[in-house]
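Notes follow once the structure below has been shown.
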């Protein structure tokens, strides 16, 4: 990727989330920053998941995922789910969670808020699948300012591209 393009893409601010999935055998979470609301009526959100990621396979089977909003007091969630220790199918064994009431996805107890979402559409966009989802349940765990990409010392640009943040600007 061209360095100028990388710098410009790195300036797009995003929230920091943990996307969680569950099937009959696995409970899994992944760091996710490419998430946004895409419709007000009906309320819909979009999450991008790498086409080769384990979570994408589970979502294709179940049609559901949990979206856990990481706050400043739950920064440890982002640190864990971005780490090498979390790169395995069952990575919630050391993380507190409850199963959501409607869709049965993991809600992280340390997250600021949690959403259970049902996929209503998806489209492949390059190396990611864009999941359009309807929120069917929500829980607020604690008032906390959401963590954003500006709070991190690195920038995710897709694939394995995680770059240190250049705080000096372009």
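The values are calculated or read from the model by the stated rules, or taken from the named source; none is laboratory data. From a predicted model like this one, the values you see are computed outputs, not experimental measurements. Here the Cβ is made from the backbone with ideal geometry for all residues, glycine too, and neighbour counts use every protein chain on show.
Annotations for the structure displayed:
- Leading residue by the ranking (farthest from residue 108 (Cα to Cα)) among those in segment 13-24 that are over 11 Å from the mean Cα position of the chain (by Cα) and either in contact (Cβ under 8 Å) with a residue 60 or more places away in the chain or assigned to a strand (DSSP E or B) (or both): 13
- Of all residues in segment 27-46 being touching a helix residue (DSSP H, G or I) at 6+ places or on another chain (Cβ under 9 Å) and modelled with pLDDT of 95 or more, the one that is farthest from residue 104 (Cα to Cα): 30
- When segment 47-68 is filtered for residues that are in contact with a helix residue (DSSP H, G or I) (Cβ under 9 Å, 6 or more places away or on another chain) and surrounded by fewer than 16 Cβ atoms within 10 Å (Cβ to Cβ), nothing remains.
- Residue check, residue 144 modelled with pLDDT of 95 or more and in contact with a helix residue (DSSP H, G or I) (Cβ under 8 Å, 6 or more places away or on another chain): yes
- Within segment 101-153, the set of residues being in contact (Cβ under 8 Å) with a residue 60 or more places away in the chain, outside any loop (DSSP other than H, G, I, E, B) and over 14 Å from the mean Cα position of the chain (by Cα) comprises 119, 120, 124, 125, 134, 135, 150, 151.
- Members of segment 69-83 that are touching a helix residue (DSSP H, G or I) at 6+ places or on another chain (Cβ under 7 Å) and either at pLDDT below 95 or crowded, with 23+ Cβ neighbours inside 10 Å (or both): 70
- Single residue of segment 45-71 satisfying the filter (without any contact (Cβ under 8 Å) to a residue 40 or more places away in the chain and in a helix (DSSP H, G or I)) that is nearest to residue 16 (Cα to Cα): 55
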